[in-house]
Amino acid sequence: MKKTENQENKNKITRAVLWGLFVFYCGVLVWMLYLSRDYRGGYTLSEYISSFSNFIPFKTVVHYAKIAATGSLEFIGLFLWNIMGNLVMLLPLGAVLPCLFKRIDRFWKVVITVTVTVILIELAQLILRVGVIDVDDLILNLSGAMIGYAILKIPPLARALRAIGALPPRQEKTAKKAEKKEDKTEERQYANK
């Protein structure tokens, strides 16, 4: 009983820390995506879309790659900042969603959640007239989140996170144990008849 109580307390503390980190992370994202950017309020919606958007996949990535290929350290830095920044920006989201939300426990659920999140981010940038609306952001942000999810699934890390209560116990193992226990109970009942 005491061991279970200690584990529950550890789980509560772990979840509280995760929530604190998640709120901090969301605050950093809001600052990076909206508050630190220049407001372009002088544009109508159609002017803003035509001037500050890209709907062609990999157009921005290829553009940055071409200017980085010139060999200029400044352009290489710009390429890395754009590409790596967009990859890393939502990497934590792919890792933290399954830890905080029991319903977002599968790869496809993380993909859907992150896709909707990125679309909402891009729409907010459009409405607020900050940043650039770019399909490459969606591709890179989603790729980064999937890397975060994949890191979370590395067996030793997943075991460690389960041990401290950051991840729920594996569903399939729990279900199999319950099934075996049920089978054994049925066998005993049948044997006692």
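The values are calculated or read from the model by the stated rules, or taken from the named source; none is laboratory data. If you're wondering where the values come from, they're calculated on a predicted model, not measured in any experiment. When we count neighbours, we look across all protein chains shown, and the Cβ atoms used for this are built from the backbone with ideal geometry, even at glycine. When the accessible area is computed, the model is the full protein with side chains, heavy atoms only, and any ligands, DNA or RNA have been set aside. Shrake-Rupley method; radii C 1.70, N 1.55, O 1.52, S 1.80 Å.
Observations, loosely collected:
- ASP105, sole failed condition from (1) within 19 Å of VAL135 (Cβ to Cβ); (2) touching a helix residue (DSSP H, G or I) at 6+ places or on another chain (Cβ under 8 Å): (1)
- Inter-residue pairs, beta-carbon under 6 Å, first within 15 Å of GLU122 (Cβ to Cβ) and in contact (Cβ under 8 Å) with a residue 40 or more places away in the chain and in the stretch 50-62, second of a type outside the set (A, V, I, L, M) and assigned to a helix (DSSP H, G or I), 6+ apart: ASN54/THR60; THR60/ASP136
- Test: ASN54 is in contact with a strand residue (DSSP E or B) (Cβ under 7 Å, 6 or more places away or on another chain), open to solvent by less than 50 Å² (accessible area, probe 1.4 Å) and not hydrophobic (A, V, I, L, M, F, W, C): yes
- Every residue from the stretch 94-106 that is touching a residue at least 60 places away in the same chain (Cβ under 8 Å) and aliphatic (A, V, I, L, M): VAL96, LEU100
- Search result, residues across the stretch 37-51 that are surrounded by 15 or more Cβ atoms within 10 Å (Cβ to Cβ) and modelled with pLDDT of 90 or more: TYR48
- Any hit, the stretch 34-54, residues being part of a strand (DSSP E or B) and either over 27 Å from the mean Cα position of the chain (by Cα) or among the hydroxyl-bearing types (Ser, Thr, Tyr) (or both): yes
- Residue in the stretch 79-92 that is open to solvent by 80 Å² or more (accessible area, probe 1.4 Å), closer than 21 Å to ILE133 by Cα, touching a residue at least 60 places away in the same chain (Cβ under 8 Å) and in a helix (DSSP H, G or I) present: no
- Close contacts from the stretch 7-20, counting a first residue that is touching a residue at least 24 places away in the same chain (Cβ under 8 Å) and a second that is outside any helix (DSSP H, G or I) and open to solvent by 60 Å² or more (accessible area, probe 1.4 Å), with Cβ to Cβ under 8 Å and a gap of 6+ residues or different chains, come to LYS10/ILE164; ASN11/ILE164; THR14/ILE164.
- Here the condition is being under 30 Å from THR4 (Cβ atoms), at pLDDT 95 or above, in a helix (DSSP H, G or I) and charged (D, E, K, R); of LYS176, LYS109, it holds for LYS109 alone.
- Among the residues making up the stretch 21-36, those that are open to solvent by 80 Å² or more (accessible area, probe 1.4 Å) and without any contact (Cβ under 8 Å) to a residue 40 or more places away in the chain are VAL23, PHE24, TRP31, LEU35.
- Any hit, the stretch 128-143, residues being without any contact (Cβ under 8 Å) to a residue 24 or more places away in the chain and open to solvent by 50 Å² or more (accessible area, probe 1.4 Å): no
- Taking first residues from the stretch 107-122 that are surrounded by 18 or more Cβ atoms within 10 Å (Cβ to Cβ) and partners that are acidic (Asp, Glu), the Cβ contacts under 7 Å between residues at least 6 apart in sequence or on separate chains come to VAL118/ASP137; GLU122/ASP137.
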